Amino acid sequence: MLKETMFQNIDGMREEMTAMADDIFDHPEIGLEEHHAAQVLTGWLEKEGFAVERGVAGVPTAFRAIYKNGEGGPNIGLLCEYDALPGIGHACGHHMQGPSILAAAKALKDADIRTPYTVTVYGTPAEESVSGKIMMIQNGCDFTELDVAFMMHGGPATQVDVKSLANNKYKIIYHGVSSHAAIKPEKGRSALDGLILAFQGIEFLREHVNSDVKIHYTINNCGGTPANVVPAYAEASAYVRSYNRAYLDTVCERFEKVLKGAAMMTETEVEIIREKAVDNKIPVLSLNDLVMEQAKEVEAPRIRPAREKTGSTDFGNVMRRVPGTCARIAFVDENAAAHSQEYIEAGKTQAAHDAVIYGAKIIAGAALELIEKPELLEKIQKEFHENLERENAEAR
């Protein structure tokens, strides 16, 4: 059986792939600085016969690696992240993703598949910080040549996700006029007043938006102004989130009006800087089901129901363009929190090594099903487009 042969080939790569994961774990690099990890991954892909392009979309540590089997057929996208967290290292398990994806890609490449297909491996940096996938999309690499996109991610359980939060991140700066607060207060225009008034307006906005909308804010900097001086500068950060990108866009229009209104009322000026716009995932339940069928087939550990709602990820920006899913593989305690010391302590354990192999088998198995059953891929793409249109209609 072809799938069994692929799984045996993945087992045969275990020592090499787990050593690669340990190497990336031992050389943690934060977003856009993942030069070692990118070189390890691309060097291996080149050696195995993939056509590799580095620095994709002007992002130095991004890459694309392609293997084509004939002309036509589905283009299977396999995405991986490899950035660490500042000050703690690989506390989210990203060191496992590249080796797992590479093993799946090679298993597909070496399989005796008689129908045409393409395997495209994307290295997508800086998920934890500036969101490399969004940078790549903004620079012209929009992933739409893919027919489907897969990822793997370590976690407390083996499962998939349904919804994730869209998220706009803002930097907000008010500029006022400085003056001595006791002697010439009438000459001053307080940037801090503008910011505080904006925060008050946001509190009134909360009552008149859908219940899934979340708004967070904090003051970053008031220019070090002493209490007896009217501050001419005030800076804040804010996040506005919803499970529906189209609806979130309407909320953000209103959010920005509140900021501008506060500036008008205080006779200050406001800079509204959108630092990031993360999309929510468009769930494709038939694709999720396919992945979980493979997880059961390989007897992956701690299989659990789908996570119905999660936080924000730049994979959402890919999953609004093509149908996709992320296979989460258990390797830490079920109560462990991401970005924690528990993830660090488990990073090079047998459970982590097993997760690399389970992830590769699950994704390779799902990809093979789509290559050999075009009607299944057609069903998945149809569901994706229907769900995207339904979400957009709900926001109108």
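The values are calculated or read from the model by the stated rules, or taken from the named source; none is laboratory data. All values derive from a computational prediction rather than experimental measurement. Please note: Cβ atoms are built from the backbone with ideal geometry, for glycine as well, and neighbour counts cover all protein chains shown. Side chains are part of the model used for accessible areas, which takes the heavy atoms of the whole protein and leaves out ligands, DNA and RNA. Shrake-Rupley method; radii C 1.70, N 1.55, O 1.52, S 1.80 Å.
Scanning segment 355-396 for residues that are farther than 30 Å from Cys252 by Cα, among the acidic types (Asp, Glu) and open to solvent by 40 Å² or more (accessible area, probe 1.4 Å) yields Glu372, Glu375, Glu378. Gly73 fulfils the conditions (1) open to solvent by 50 Å² or more (accessible area, probe 1.4 Å); (2) of a type outside the set (Val, Ile, Thr); (3) in a loop (DSSP other than H, G, I, E, B); (4) within 22 Å of His353 (Cβ to Cβ) except for a single criterion, (4). Tell me whether segment 226-234 contains one or more residues that are modelled with pLDDT of 95 or more, open to solvent by 40 Å² or more (accessible area, probe 1.4 Å), touching a His at 6+ places or on another chain (Cβ under 9 Å) and closer than 26 Å to Lys184 by Cβ. Yes, because at least one residue in segment 226-234 is modelled with pLDDT of 95 or more, open to solvent by 40 Å² or more (accessible area, probe 1.4 Å), touching a His at 6+ places or on another chain (Cβ under 9 Å) and closer than 26 Å to Lys184 by Cβ.
Applying the set (1) in a helix (DSSP H, G or I); (2) closer than 23 Å to Asp142 by Cβ to Ser286 leaves exactly one unmet item: (2).
Conditions tested, residue by residue: (1) at pLDDT 95 or above; (2) of a type in the set (Val, Ile, Thr); (3) in contact with a strand residue (DSSP E or B) (Cβ under 6 Å, 6 or more places away or on another chain); (4) under 29 Å from Asp147 (Cβ atoms).
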residue	(1), (2), (3), (4)
Ala330	yes, no, yes, yes
Thr349	yes, yes, no, no
Ile357	yes, yes, no, yes
Ala360	yes, no, no, yes
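So which residues in segment 51-70 are out of contact with any helix residue (DSSP H, G or I) (no Cβ under 7 Å at 6 or more places or on another chain), open to solvent by less than 50 Å² (accessible area, probe 1.4 Å) and in contact (Cβ under 8 Å) with a residue 24 or more places away in the chain, if there are any at all?
Within segment 51-70, Asn69, Gly70 qualify.
Filter segment 359-394 down to the residues that are more than 23 Å from Tyr117 (Cβ to Cβ) and touching a residue at least 12 places away in the same chain (Cβ under 8 Å) and list them by number. Matches in segment 359-394: Asn387, Leu388, Glu391, Asn392, Glu394.
The number of residues in segment 3-39 being under 15 Å from Lys106 (Cβ atoms), of a type in the set (Val, Ile, Thr) and surrounded by fewer than 20 Cβ atoms within 10 Å (Cβ to Cβ) comes to 1.
Figure legend. Inter-residue proximity from segment 333-354: first residues within 13 Å of Ala21 (Cα to Cα), second residues hydroxyl-bearing (Ser, Thr, Tyr) and modelled with pLDDT of 95 or more, beta-carbon distance below 7 Å, spacing 6+ or different chains. Indicated pairs: His353/Thr18.
Suppose we filter Asn244, Asn220, Asn228 for residues that are closer than 30 Å to Asn392 by Cβ and not aliphatic (A, V, I, L, M); which single one remains?
Exactly one of Asn244, Asn220, Asn228 is closer than 30 Å to Asn392 by Cβ and not aliphatic (A, V, I, L, M), namely Asn244.
Candidates are the residues of segment 204-223 that are open to solvent by less than 70 Å² (accessible area, probe 1.4 Å) and farther than 17 Å from Asn168 by Cβ; the one that is modelled with the lowest pLDDT is Gly223. Only a single item in (1) touching a Lys or Arg at 6+ places or on another chain (Cβ under 9 Å); (2) within 20 Å of Asn69 (Cβ to Cβ); (3) not small (Gly, Ala, Ser) is not met by Leu376, and it is number (1). Determine if segment 307-322 includes at least one residue that is over 21 Å from Gly98 (Cα atoms), β-branched (Val, Ile, Thr) and surrounded by 23 or more Cβ atoms within 10 Å (Cβ to Cβ). For segment 307-322, residues over 21 Å from Gly98 (Cα atoms), β-branched (Val, Ile, Thr) and surrounded by 23 or more Cβ atoms within 10 Å (Cβ to Cβ): absent. On the stretch given as segment 201-246, residues that are farther than 20 Å from Lys260 by Cβ, aromatic (Phe, Trp, Tyr) and in a helix (DSSP H, G or I) total 0.
The set of residues from segment 241-270 being within 30 Å of Ser190 (Cα to Cα), polar (S, T, N, Q) and buried (at least 18 other Cβ atoms within 10 Å of the Cβ) comprises Thr266, Thr268. As for segment 184-193, it holds no residue that is open to solvent by 20 Å² or more (accessible area, probe 1.4 Å) and in contact with a Lys or Arg (Cβ under 9 Å, 6 or more places away or on another chain). Going residue by residue through segment 335-347, is there one that turns out to be under 19 Å from Ala300 (Cβ atoms), of a type in the set (Ser, Thr, Tyr), out of contact with any Pro (no Cβ under 8 Å at 6 or more places or on another chain) and not in a helix (DSSP H, G or I)? The answer is no, given that none of the residues of segment 335-347 is under 19 Å from Ala300 (Cβ atoms), of a type in the set (Ser, Thr, Tyr), out of contact with any Pro (no Cβ under 8 Å at 6 or more places or on another chain) and not in a helix (DSSP H, G or I).
Applying the set (1) over 24 Å from Ile344 (Cα atoms); (2) without any contact (Cβ under 8 Å) to a residue 12 or more places away in the chain to Trp44 leaves exactly one unmet item: (2).
In the set Ile303, Ile282, Ile273, only one residue is crowded, with 16+ Cβ neighbours inside 10 Å and on the phi < 0 side of the Ramachandran plot; that residue is Ile282. From the list Ala198, Ala246, Ala234, Ala166, exactly one residue is in contact with a Cys (Cβ under 9 Å, 6 or more places away or on another chain), closer than 28 Å to Ser129 by Cα and of a type in the set (Gly, Ala, Ser). Which is it? Criteria check complete, one pass: Ala234.
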